[in-house]
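Engineer: Here it is: the structure, laid out below.
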Amino acid sequence: MKKVQYAVIYTFVTILALLVICSLFIDSDGFSPFENRYLSKKPVLTVSDFFSGKYMDRYETFLLDNFLLRDLSVMGFQSYANLLYLDIFTGSELVLADVDVDEFVRAGGQEGIMDVETGDLTAGGGPDNGTGEADELSSDTGRNGDSPLSSDFGQTTAGGNGVQAGEQAAQAGGQDAAAQAAKQGTTDGRSGGNGSGEEGTSAGNDNAQAGEGNVSATEGNAPAAGTDEQLTNSLIISGDRVMMPTGAYNLKPFGEILSEFAEIMPDLNMYSITGPTSAAFYATKKYSTGGYDQSKAEAIIAENADGVTVVRVFDRLREHKDEHIYFRSDVHWTALGAYYAYTAFCEASGQEAADINKDFTKGTYEPFLGGLYSQIYKMPQAARLKNNPEKLDYYIPKIGYQLTLYKMGNLKNSYKVDSIINTDFKSLGAYKYSCFAWGDQRIERIDTDNPNGRKLLVIKDSFGSAMIPFLVHNYSLIYVIDPKGFNNEGGPVFDAKELINEEGIEDVLFCFSIYGSGRKIIRDSLKGLLLR
């Protein structure tokens, strides 16, 4: 019996030793199609990191992402999770707390800078750079000390209030995040989604304490007491759709920045588009009304952005909510949703909108699983998305044009690309959203064959990327700027006023998601870009 025991022990130790030895020579597998994300790279060994313990922590993360036969292990786990999933639970809304918002924002193209030569993401969209720190544009945390969404929506505390009944997570066979949500408790009616009239309260809002985020009754949609702590960095799973709940938070200071810029440049035609998240149209009233009512965003910005025409896209999108205007697995609207926002802009600016069927060539990436899927792939509910993946449609203008990218944040180092859509995307999964206008480039210039001589500057986050191909039809010259790439610590300095004056630009369009408009990094970047 002892010989058998020794044989088992020796065999186990030998296999373990072989795995340890092999791990010393492996490197990152790059992108994991099973998890829909990039895997960690091997960290760079430095003396300071070794003695501080950071190197071993990063190496442990690297090993967890790159051990031998990992793909087989993940695939087996997903197959097991699929067996646990029962359709009986698809009618309820499961809310996951403490989700890594940075990850799905980057995966959806929010932070991505496309590599022109490889067609992949070189900053923000991919993994870290091997030092454990995010690349230059990959995270707001390294520059501002706060995360992209939680900074303005309130502080998320460890062990804070969870959301939705923990029983749902357990019944659904909840893995990881679901179990975490179950541990954190349930909603108690104070989430702001109950429409009880508490929505004017701004307790828990860090900017309100600073005197910056006070929202009047006319603005009407500040988060209720406890709202931020409960649903900051959270996702809603409902059937085969994943959504990000939010409200019209911190939009007053955003509107004030646009208003001040309008005073400085009174001859410009300025327009603002605020893109809602899909929760505004597809979540239950609990997460689409009260403190989560996104329909008030345009009114709040209009009230504070004197001299700026606020384009009313919310009602236009609601008219088409039965169409595929939002991804089920990603935070962004689809190209079709962006097109409807574009038609609203054309009406507001007195232009004729292009015909999506006649003036563009349609293409499709499929299958497509977006950045929100990347956050729930371990859960049984992810089976509904993986077994029923989406497609990503794009539209290439038929009118002649030339797209030039300026990746370094100035107008000197340029790269020309053949198409406004990256049709040769080498990365898989969620990062394909960055095919629209090649992701969040610092500066882009588009020269078109439109003879009208009209010139436009678009200042946007990733929501605006999907609109750019449609705007090509209406202008002779378009500049596109992602403000996050400028005027922050370690970033290049740029003055949009100089560009506007030098090029004779008449129209400026601000196109941001509702959560982007409330982000501190966006406001700080806009101040440097427009008001310096």
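Engineer: For a quick check: with amide H placed at 1.01 Å from N, whose amide H comes under 5 Å from Ala248's, ignoring anything fewer than 5 positions away on the same chain?
Structural biologist: For Ala248, whose amide H was placed from the backbone, the distant partners under 5 Å are Asp293.
Engineer: Using 7 Å Cα-to-Cβ label points, what is the Thr11/Tyr415 separation (nm, one decimal)?
Structural biologist: Result for the modelled spin labels: 5.2 nm.
Engineer: Post the alpha-carbon centroid distance, the range 439-465 to the range 501-524, in whole angstrom.
Structural biologist: Computed from Cα coordinates, the inter-centre distance equals 12 Å.
Engineer: Can you tell me how much longer the chain between Thr61 and Gln402 gets when fully stretched, taken as 0.36 nm per residue apart minus their C-alpha distance, in nm with one decimal?
Structural biologist: 118.5 nm
Engineer: Over the range 435-481, one equal point on each Cα, no solvent: what is log10 I(q)/I(0) by the Debye formula at q = 0.17, 0.27 Å⁻¹?
Structural biologist: -0.42, -0.98
Engineer: Specify whether the C-alpha gyration tensor of the range 454-532 places it in the rounded, prolate or oblate class, a ≥ b ≥ c being the square roots of the eigenvalues: rounded for a/c under 1.5, otherwise prolate if a/b is larger than b/c and oblate if not.
Structural biologist: oblate
Throughout, read-outs are computed from the coordinates displayed, never taken from laboratory work. The structure displayed is predicted, hence computed values, not measured ones. Counting neighbours? That spans all protein chains shown, and the Cβs are built from the backbone with ideal geometry, glycine included.
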